[in-house]
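Starting off with a structure, shown below.
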Amino acid sequence: MADKKVAIIMSTYNGEPFIRQQLDSILNQTYKNIELVVRDDGSKDKTVEIIKEYQEKYENIKFFQGENLGFVKSFFELLKLTEADYYSYADQDDIWIENKIELAVNSLNKLDEEKPNMAFGNSDYYDENMNFISSGEKNKEYSFLKSLFACVGQGMTMTVNKKTRDMIIEKMPNTCFFHDWWTYILCIGLGNVAYSNVTTVKYRRRKENATSEGQGYIRLLIWRIKNLLFKNGMKDIKQQMFNFKELYYEELSEENKKIIDLFSNKKYNFFVALKKAFYPKRIRKSLVDDLALRIIFILGVL
């Protein structure tokens, strides 16, 4: 049987400083039946020149230029631009381990291709100069319930089957938090997710993120609640649930219907808020995050 074709889709925007390393790591994968499909989202640096340079050297690169849509819509647009058996999201500034695609294909080949399936791995963290910072968390916990409130995988570690891609472009969400999060909810809710704790990506952190490390338990809890209350994240998460329910509710299992019915209520009801706050199963893996979320339920923010 011929090897399944994998389309590696990459949205670029002002990626000049690091994109060569990423392109090299993709084009030197051990799995050879790949097509790199790149869409530039309106770069103003030399990103386009670099991609065209690579396109002259390699036959398996497709390149498109478009208006600036933002990376979420740009990735969804990319899904429409090629036909393949599997699709793998790629950022412009990471470095892939050479057998990343091979491992993903091996995992997906074991799953029912009639369902939306996703395989994903782990990543380690590096600074801008590719100096090692830390290893990514190995023990991932995932379920449909958890998927509504957090994306357990990173997009650049994900590979999905054609069924997933077809379902996304057939019922394109008006809005969603991130393209990879939407993909994850779809696969865990209606299909299968296969996780390997093997590191497949060197994730380049391009700037310092706000961190909560080193704080005491109470201070950390307060920090979490402030971030949930005073940023638009909760509003976006809730809207994402509404959108998913509108598009896929009838295809969900009875158990998953009950879950999304409970957590996607549009009007605040104190008794429903209590039911969510005292839901018997863990919603977030971290105890602090889980407790903060339950307080948010009572306050009616989510």
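The values are calculated or read from the model by the stated rules, or taken from the named source; none is laboratory data. Worth saying up front: this structure is predicted, and the values here are computed from it rather than measured. Note that we place each Cβ from the backbone using ideal geometry, even for glycine, and neighbour counts take in every protein chain shown. Note: areas computed on protein heavy atoms with side chains; ligands, DNA, RNA excluded. Shrake-Rupley method; radii C 1.70, N 1.55, O 1.52, S 1.80 Å.
Go through (1) among the aromatic types (F, W, Y); (2) under 25 Å from Q240 (Cα atoms); (3) buried (at least 21 other Cβ atoms within 10 Å of the Cβ) one by one and return the number of the condition W96 breaks.
Looking at each condition in turn, W96 falls short on (2).
Find the residue count for region 110-160, including only residues that are assigned to a loop (DSSP other than H, G, I, E, B), charged (D, E, K, R) and within 27 Å of L293 (Cα to Cα). Spell out the reasoning first.
At the first step, the residues of region 110-160 found to be assigned to a loop (DSSP other than H, G, I, E, B) are 110-116, 127-131, 136-143, 148-154.
Filter once more, so that each one left must be charged (D, E, K, R): 110, 112-115, 127-128, 137-138, 140-141.
So of that shortlist, the ones also within 27 Å of L293 (Cα to Cα) come out as 137-138, 140-141.
Of the residues in that region, 4 qualify.
What residue, of C176, C187, is in a helix (DSSP H, G or I) and within 15 Å of K245 (Cα to Cα)? Show your work before the answer.
Details: C176 fails: in a helix (DSSP H, G or I).
Unique residue meeting the criteria: C187.
Keeping to region 80-93, report how many residues are open to solvent by less than 30 Å² (accessible area, probe 1.4 Å) and aliphatic (A, V, I, L, M). Steps first, answer last, please.
Looking only at region 80-93, we keep the residues that are open to solvent by less than 30 Å² (accessible area, probe 1.4 Å), and these are 82, 84, 86-90, 92-93.
Checking the rest, the ones that are also aliphatic (A, V, I, L, M) come to 84, 90.
Within region 80-93, residues that are open to solvent by less than 30 Å² (accessible area, probe 1.4 Å) and aliphatic (A, V, I, L, M) number 2.
Could you tell me whether S134 is among the small types (G, A, S), in contact with a Ser or Thr (Cβ under 7 Å, 6 or more places away or on another chain), at pLDDT below 95 and over 30 Å from F297 (Cα atoms)? Spell out the reasoning first.
On the way: among the small types (G, A, S): yes; in contact with a Ser or Thr (Cβ under 7 Å, 6 or more places away or on another chain): no; at pLDDT below 95: yes; over 30 Å from F297 (Cα atoms): yes.
For S134, the condition - among the small types (G, A, S), in contact with a Ser or Thr (Cβ under 7 Å, 6 or more places away or on another chain), at pLDDT below 95 and over 30 Å from F297 (Cα atoms) - is not met.
Yes/no per residue for (1) of a type outside the set (S, T, Y); (2) over 23 Å from K202 (Cβ atoms):
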| position | (1), (2) |
| --- | --- |
| A7 | yes, no |
| S11 | no, no |
| I34 | yes, no |
| V37 | yes, no |
| S43 | no, no |
| V48 | yes, yes |
| Q65 | yes, yes |
| F71 | yes, no |
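Only one of these is over 19 Å from T199 (Cβ atoms), free of Cβ contacts under 8 Å to residues at least 24 places away in the same chain and among the basic types (K, R): K62, K110, K57, K80. Name it.
Working: K62 fails: free of Cβ contacts under 8 Å to residues at least 24 places away in the same chain; K110 fails: free of Cβ contacts under 8 Å to residues at least 24 places away in the same chain; K80 fails: free of Cβ contacts under 8 Å to residues at least 24 places away in the same chain.
After ruling out the rest, the residue left standing is K57.
Any idea which residue in region 62-79 is least open to solvent (accessible area, probe 1.4 Å), counting only those that are out of contact with any strand residue (DSSP E or B) (no Cβ under 8 Å at 6 or more places or on another chain) and closer than 29 Å to K163 by Cβ? Break it down stepwise before answering.
Pass one, region 62-79, residues out of contact with any strand residue (DSSP E or B) (no Cβ under 8 Å at 6 or more places or on another chain): 67-70, 72-73, 76.
Next, from what is left, pick out any that are closer than 29 Å to K163 by Cβ: 69-70, 72-73, 76.
Details: L69: 63, G70: 26, V72: 27, K73: 120, F76: 11 Å².
Checking each candidate, the answer is F76.
Which one is modelled with the lowest pLDDT among residues in region 211-254 that are open to solvent by 90 Å² or more (accessible area, probe 1.4 Å) and farther than 23 Å from I298 by Cβ? Give the steps one after another, and end with the answer.
So in region 211-254, the residues open to solvent by 90 Å² or more (accessible area, probe 1.4 Å) come out as 213, 217-219, 226, 230-232, 235, 246, 250-251, 254.
From what is left, the residues that are farther than 23 Å from I298 by Cβ are 213, 246, 250-251, 254.
Numbers: E213: 37, E246: 96, E250: 97, E251: 97, E254: 97.
It comes out as E213.
Another question about this same structure. Go through the residues of region 138-150 one by one and say whether even a single one is open to solvent by less than 30 Å² (accessible area, probe 1.4 Å) and closer than 29 Å to Q21 by Cα.
No; the residues of region 138-150 include none that is open to solvent by less than 30 Å² (accessible area, probe 1.4 Å) and closer than 29 Å to Q21 by Cα.
Does region 44-61 include one or more residues that are within 28 Å of D112 (Cα to Cα) and open to solvent by less than 20 Å² (accessible area, probe 1.4 Å)?
So far as region 44-61 goes, no, none of its residues is within 28 Å of D112 (Cα to Cα) and open to solvent by less than 20 Å² (accessible area, probe 1.4 Å).
Which one of the conditions (1) open to solvent by less than 70 Å² (accessible area, probe 1.4 Å); (2) under 24 Å from K46 (Cα atoms) does N129 fail to meet, given that it meets all the rest?
(1)
Cβ-Cβ under 7 Å, sequence separation 6+ or interchain: first residue in region 182-205 and open to solvent by less than 10 Å² (accessible area, probe 1.4 Å), partner part of a strand (DSSP E or B) and of a type in the set (V, I, T). Which pairs?
Sorted first by the residue in region 182-205, then by its partner, the pairs are T183/V160; C187/V160; C187/V193.
Continuing with the same structure: Would you pick out the residues in region 1-40 that are open to solvent by 30 Å² or more (accessible area, probe 1.4 Å) and in contact with a helix residue (DSSP H, G or I) (Cβ under 8 Å, 6 or more places away or on another chain)?
D3, K4, Y13, N14, E16, R20, T30
Another question about this same structure. Does E98 fit the bill of being in a loop (DSSP other than H, G, I, E, B) and free of Cβ contacts under 8 Å to residues at least 24 places away in the same chain?
On the way: in a loop (DSSP other than H, G, I, E, B): yes; free of Cβ contacts under 8 Å to residues at least 24 places away in the same chain: no.
Judged against the criteria, E98 is not a match.
Still on this structure, please answer the following. Could you run through region 255-288 and say how many residues are within 23 Å of the chain's Cα centre (by Cα), in a helix (DSSP H, G or I) and either surrounded by fewer than 15 Cβ atoms within 10 Å (Cβ to Cβ) or free of Cβ contacts under 8 Å to residues at least 24 places away in the same chain (or both)?
Total meeting the criteria: 2.
Here are the criteria: (1) touching a Leu at 6+ places or on another chain (Cβ under 9 Å); (2) farther than 15 Å from L148 by Cα. Tell me which single one P280 does not satisfy.
(1)
Would you check if K163 is touching a strand residue (DSSP E or B) at 6+ places or on another chain (Cβ under 6 Å) and either part of a helix (DSSP H, G or I) or not aromatic (F, W, Y) (or both)?
Here the answer is no, as K163 does not meet what is asked.
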